[in-house]
């Protein structure tokens, strides 16, 4: 039997330029940089749920040395959604993703959570 993962945050620390750190009530710690959060936006447009191609993940692509200048992605605003999620507005204008605490815990990239 697998232990149930507790997805209730104990503490959330936010840096609009660096990302989000969450201490979970079960003692686990998760850290998400801004680019990772933007890449794993759960909205229908980013995941391809409307029958379109999912948004390519910038963190999984090689850097193009000849790419035109683009400002570094950052969070412009973060707001709570009920007691179960947060909504993030990024400086690229995107803000339709609702990051539930279940989603955030499921995309934790620490060594303990990453699949082998």
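The values are calculated or read from the model by the stated rules, or taken from the named source; none is laboratory data. Just so we're clear, the structure is a prediction, and the values are computed from it rather than from any experiment. Backbone-built Cβ (ideal geometry, glycine too); neighbour counts: all protein chains shown.
Key figures for this structure:
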| item | result |
| --- | --- |
| Meets criteria (out of contact with any helix residue (DSSP H, G or I) (no Cβ under 6 Å at 6 or more places or on another chain), surrounded by fewer than 14 Cβ atoms within 10 Å (Cβ to Cβ), at pLDDT 95 or above and closer than 13 Å to residue 108 by Cα) for residue 11 | no |
| Filter result (assigned to a strand (DSSP E or B) and out of contact with any strand residue (DSSP E or B) (no Cβ under 6 Å at 6 or more places or on another chain)) within segment 4-23 | 15 |
| One residue from 59, 52 being loosely packed, with under 14 Cβ neighbours inside 10 Å, under 13 Å from the mean Cα position of the chain (by Cα) and modelled with pLDDT under 90 | 59 |
| Per-region count, segment 75-95, residues under 16 Å from residue 18 (Cα atoms), modelled with pLDDT of 95 or more and touching a helix residue (DSSP H, G or I) at 6+ places or on another chain (Cβ under 8 Å) | 3 |
